[in-house]
1. Output the residues belonging to the range 91-134 that are surrounded by 12 or more Cβ atoms within 10 Å (Cβ to Cβ), modelled with pLDDT of 95 or more and in a loop (DSSP other than H, G, I, E, B).
2. Collect the residues in the range 7-48 that are in a loop (DSSP other than H, G, I, E, B), touching a Ser or Thr at 6+ places or on another chain (Cβ under 9 Å) and open to solvent by 80 Å² or more (accessible area, probe 1.4 Å), keeping them in residue-number order.
3. Which residues, counting only those in the range 53-90, are more than 17 Å from residue 116 (Cα to Cα), outside any strand (DSSP E or B) and among the acidic types (Asp, Glu)?
Amino acid sequence: MTEHPLMFRDDDPLLALVRRHALALPEAGEKVSHGRPTFFTTKVFAYFGGSVRRGPGDFERHDAAVMILPDRDDEPALRQDPRFWTPAYLGPSGWLGIDLDETDETELAELLDASYRRTAPARLVRRLDTPGGA
């Protein structure tokens, strides 16, 4: 099995922004998977960067983006928002991507929080809702 090439720069300021918010969530960690930084607890809740399938073997890379699993109540509206795109591979499982130049820090934090809540164990989600728990 061959390793994926790295598709990010560790000193990228946008990655630093995603890290700041993602790693502030209870027991969140970071690892590299398929050449991209991923943020997880027991399951991945965000990816830095992604791609859109344009055709067989044809992918459009979005290196300065975040892929998240949106809140189920917000998902229909986000799918109608032209800033969001359906990522290759993860799209059929409900994931969405957004380029970081299309969002602000507050929205990024909200998207990461929602994705975390969908994937993290209940005991960690409870910590988000407990004053001083995060």
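1. 94, 95, 103, 120, 121
2. Residues satisfying the conditions are 27, 42, 43.
3. Across the range 53-90, the qualifying residue is only 81.
The values are calculated or read from the model by the stated rules, or taken from the named source; none is laboratory data. Computed from a predicted model, the values in this text were never measured in an experiment. For neighbour counting, all protein chains shown are included, and Cβ atoms are generated from backbone atoms with ideal geometry for every residue, glycine included. Only protein heavy atoms, including side chains, enter the accessible area calculation; ligands, DNA and RNA are left aside. Shrake-Rupley method; radii C 1.70, N 1.55, O 1.52, S 1.80 Å.
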